[in-house]
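K.L.:
Following this message is one structure expressed as structure tokens.
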């Protein structure tokens, strides 16, 4: 690697947090790994950085300065979540790093905003008594030295940085896959003859797309768990809820194989979940027939 091409990234020393760790991971991807990370509280060292983040009391994209602690800083999203250094860097470079505006937005919502919120003291979760969620900030914090450990904070920072880098890479892959899945689901909806039943050809996520259309009741798709089988899944208005737009027939609930085949009239039906949101058949034709009978069934 040519030393001239290496970008010097400066952040603060001392305790490290998910904010600057993931900001550094973003810059590593932006500069193809050609970075040197320096941790310091010395203003003279800050002046030597190609990029300075989470320290320095300056936010200036043109100068590649990305602090958010200074008096008068008020950058925040429309939903009220303030920007931290990770968010500022993602705001300006996320689309290039993630490969598209869609993927950058997904990652901002899924990963960047929760980290920015936590770094700014904004809670995005509820506790159950003394029990709190184990957050990404806790994962990063686990690499800090315990009081009685003979290890340095710089070592912990480096280990946490490598973990954050892998997480960010995976989130980019998932976000890009979600974008492609969204496009395919939109096409499947557009081409469906009966828009109450949408047929998709693989295992991409369709939930966030079809909830936006009023007609779909069931999706017919290949069964990920068993090659060759196909499944019927109920559509929901809220992807975080178990309330289906239309349940599979009550008589099918919990039935398997021959018993389900006899009750449903579909010869290769193999399984219906007791909660009536999934049914499985040994063929695409069988799954389609299950979906059609479920659509026509009235309880």
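The values are calculated or read from the model by the stated rules, or taken from the named source; none is laboratory data. Given the structure is predicted, the values throughout are model-derived calculations rather than measurements. Methodologically, a virtual Cβ is constructed for each residue, glycine included, from the backbone with ideal geometry; neighbour enumeration extends over all protein chains shown.
K.L.:
For the list (1) more than 26 Å from residue 65 (Cβ to Cβ); (2) out of contact with any strand residue (DSSP E or B) (no Cβ under 8 Å at 6 or more places or on another chain); (3) not in a loop (DSSP other than H, G, I, E, B), I need the number of the one condition that residue 133 fails.
P.N.:
Answer for residue 133: the failing condition is (3).
K.L.:
Would you confirm whether any residue within region 140-154 is assigned to a helix (DSSP H, G or I), under 20 Å from the mean Cα position of the chain (by Cα) and more than 15 Å from residue 26 (Cα to Cα)?
P.N.:
yes
K.L.:
Ok, one more. Can you say whether residue 247 is touching a strand residue (DSSP E or B) at 6+ places or on another chain (Cβ under 7 Å), at pLDDT below 95, surrounded by 11 or more Cβ atoms within 10 Å (Cβ to Cβ) and closer than 17 Å to residue 278 by Cβ, as far as the supplied structure shows?
P.N.:
Taking the combined requirement at face value, the residue does not satisfy it.
K.L.:
Which fully enclosed helices (runs of 4 or more DSSP H) of region 6-109 have 1 or more residues being surrounded by 14 or more Cβ atoms within 10 Å (Cβ to Cβ) and in contact (Cβ under 8 Å) with a residue 60 or more places away in the chain?
P.N.:
Correct list: 18-30, 85-98, 101-107.
K.L.:
Only one residue in 215, 149, 186 is at pLDDT below 95 and at negative phi. Which one?
P.N.:
Criteria check complete, one pass: 149.
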